[in-house]
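Just so you know, all these numbers are worked out from the coordinates, no wet-lab data involved. Treat the numbers as computed from the prediction; the structure is a model and nothing was measured. As a convention, Cβ positions derive from the backbone with ideal geometry for all residues, glycine included, and neighbour counts pool all protein chains shown.
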Amino acid sequence: MGKDSSLKIYKELDLTSSSCAGPIGELSSVVDELREGEAVKVILGDEATKKDITLWVKKRGLKLIQESQEGNKYILLIGK
């Protein structure tokens, strides 16, 4: 396991216009491509979707590396 500073952002997904199952579907296919030490940055437009994805991350056994908020957007960094 490397340090977070050596983490590589594999892809950035702007899912602010997605809702319901859309974001998880998109995120799922990207996460499957991740390698150890890589992460996907996800930008979400609402708190409900952020909660859904946070739960999904735990169910999948992934890591929620970072969580922040910029204005009305929620930014999650998810890795394996």
- If R0 is 22 Å, what FRET efficiency do you get for Asp46 and Lys80 from their C-beta distance, rounded to 0.05? 0.30
- Task: Note down the net charge around Asp46, summing +1 for each Lys or Arg and -1 for each Asp or Glu among other residues with Cβ under 13 Å from its Cβ.
- Result: +1
- Query: Cα axis of helix 47-60 to longest principal axis of the chain: angle in degrees, 0 to 90, nearest 10?
  - Reply: 40
- Query: Hey, what angle do you get for helix 22-33 against the long axis of the chain, alpha-carbon based, 0 to 90 degrees rounded to 10?
  - Reply: 10
- Query: If the cut-off is 15 Å between C-alpha atoms, which aspartates and glutamates fall inside it for Lys8, apart from same-chain ones fewer than 8 positions away?
  - Reply: Glu33, Glu36, Glu38
- The simple spin-label model distance between Ser29 and Ser17, using points 7 Å out along Cα→Cβ, in nm, is 1.6
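Give the residue list of trypsin sites (Lys or Arg not before Pro) in the stretch 29-67 that are DSSP loop and have at most 15 other beta-carbon atoms within 10 angstrom. Intermediate values should be presented prior to the final figure.
Details: sites: Arg35, Lys41, Lys50, Lys51, Lys58, Lys59, Arg60, Lys63; in loops: Arg35.
When the trypsin sites (Lys or Arg not before Pro) of the stretch 29-67 are filtered for loop state and at most 15 Cβ neighbours within 10 Å, Arg35 remain.
Nearest 5 is fine: what % of DSSP beta bridges in the chain come out antiparallel, could you say? Working shown, then result.
Working: 13 of 19 bridges.
Once the DSSP bridges in the chain are tallied, antiparallel ones form about 70 percent.
Where Lys and Arg each count +1 and Asp and Glu each count -1, what net charge lies around Leu13 among other residues with Cβ under 9 Å from its Cβ? Spell out each step's value before the answer.
On the way: positive: Lys11, Lys41; negative: Glu12, Asp14, Glu26.
Computed value for this residue: -1.
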- Message: Please list 3J(HN,Hα) in residue order for the stretch 37-45, calculated via the Karplus relation 6.51 cos²θ - 1.76 cosθ + 1.60 where θ = phi - 60°; whole Hz, with x for glycine and proline.
- Response: x, 10, 9, 10, 9, 10, 10, 10, x
